[in-house]
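Colleague: Provided herewith is a single structure, encoded as structure tokens, for subsequent inquiry.
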Amino acid sequence: MGVVVAAGLALGACKAKEPEVRDPHLKRQLRVARSIAGQSISLRNGLEGFVEYTVKPAGSLEPPEQRILDTGEIDTYTEGERITVTFARLYSVVRQDLDSGKTYSFVRDDTGEVVIKEGWHGLKHPQDLAPFVSTPLAVAEKMLELAQVDEDDVVYDLGCGDGRIVILAAQKFGARGVGIDFNPKRIEESLQGALEAGVEDRTEFRLGDVLKADFSDATVVTVYLLTRSNERLRPLFEEQLRPGTLVATHNYRVPGWENKEIDRKTVELEPTNVHLIFLYRR
């Protein structure tokens with residue numbers, strides 16, 4: 001979330017030929033992102049207590065690898081399109097094939113049995129913060145305008161999606177932008193979008209969890225996450241952001257920051273498509 005398509009970027013347009021990437025650092029980031037996107041399988045322990053299991057490529061005759069995950073820990077596998085996971089329950093042994101490009105969790109079903117289900121099933125992983133939904137261009141521009149962004153600003157978009165708000169901040173407002181997202185595919189799109197917009201020298205995209213990120217050098221932070229997610233971010237805002245730093249949120253408030261709200265804006269795109277922007281000062 002927290003993304004917008006900048007005018008003239010045509011980020012989603014088909015290209016006959018991608019622009020050549022000359023910068024070695026950018027090449028490396030793109031290569032890593034592409035090697036992970038759509039191939040990795042992530043498995044999280046959503047249980048209270050550790051879980052033991054074995055894993056091997058599906059259909060392989062090689063011996064399985066023994067693994068142990070503590071509560072909340074995540075294993076990520078990038079080799080092969082499917083893996084077979086085996087784990088023991090009290091009276092049975094379960095074998096399950098997991099597909100690439102998906103995320104899974106050890107959880108308990110309604111009967112209390114340990115099972116593997118698709119998804120994260122909790123609030124401890126960045127994917128739980130919000131689904132990926134694009135911010136309309138008009139809303140994103142108003143967010144940056146409300147924060148009076150200019151060339152002296154460092155704009156962080158937490159949960160940047162495909163990086164459009166960061167690209168817009170650099171392209172239209174002259175700021176330096178940093179986007180953070182847990183999804184390698186979104187980072188790949190962000191890097192490519194910045195390259196096509198010609199702002200790769202003023203933008204940076206980091207693969208990671210915003211709840212563990214360092215954004216202390218920000219002068220403006222943009223967020224399009226759920227209310228409960230903003231509530232989890234609030235302690236990080238208070239710990240990392242310098243006094244005077246502005247935080248612009250789309251549609252959802254920051255609970256506990258009622259006294260820090262300095263402005264708000266309603267953007268009506270259509271009679272039934274109304275968006276709210278909340279502006280806070282740290």
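Colleague: Kindly provide the set of residues from region 189-216 that are at pLDDT 95 or above and either closer than 16 Å to ALA248 by Cα or of a type in the set (Lys, Arg) (or both), ordered by number.
Modeller: ARG202, PHE215, SER216
Colleague: Still on this model: Let me confirm something: among ASP157, ASP209, ASP201, ASP150, which residue is among the charged types (D, E, K, R) and buried (at least 23 other Cβ atoms within 10 Å of the Cβ)?
Modeller: ASP157
Colleague: Could you tell me which residue of region 66-86 is surrounded by the most Cβ atoms within 10 Å (Cβ to Cβ), considering only residues that are among the acidic types (Asp, Glu) and under 24 Å from LYS185 (Cα atoms)?
Modeller: Only one residue tops the list, namely ASP75.
Colleague: When you check GLY49 against the structure, is it outside any strand (DSSP E or B) and touching a strand residue (DSSP E or B) at 6+ places or on another chain (Cβ under 8 Å), yes or no?
Modeller: no
Colleague: Let me ask another. Has region 245-257 got any residue that is closer than 21 Å to LEU144 by Cβ, free of Cβ contacts under 8 Å to residues at least 60 places away in the same chain and more than 25 Å from the chain's Cα centre (by Cα)?
Modeller: Scanning region 245-257, I find no residue that is closer than 21 Å to LEU144 by Cβ, free of Cβ contacts under 8 Å to residues at least 60 places away in the same chain and more than 25 Å from the chain's Cα centre (by Cα), so the answer is no.
Colleague: Then there is this: Of the numbered conditions (1) touching an Asp or Glu at 6+ places or on another chain (Cβ under 9 Å); (2) surrounded by fewer than 24 Cβ atoms within 10 Å (Cβ to Cβ); (3) small (Gly, Ala, Ser), ALA169 satisfies every one except a single condition; which is it?
Modeller: Checking ALA169 against (1) touching an Asp or Glu at 6+ places or on another chain (Cβ under 9 Å); (2) surrounded by fewer than 24 Cβ atoms within 10 Å (Cβ to Cβ); (3) small (Gly, Ala, Ser), the one that fails is (2).
The values are calculated or read from the model by the stated rules, or taken from the named source; none is laboratory data. On a predicted model such as this, the values are computed, not experimentally measured, just so you know. For neighbour counting, all protein chains shown are included, and Cβ atoms are generated from backbone atoms with ideal geometry for every residue, glycine included.
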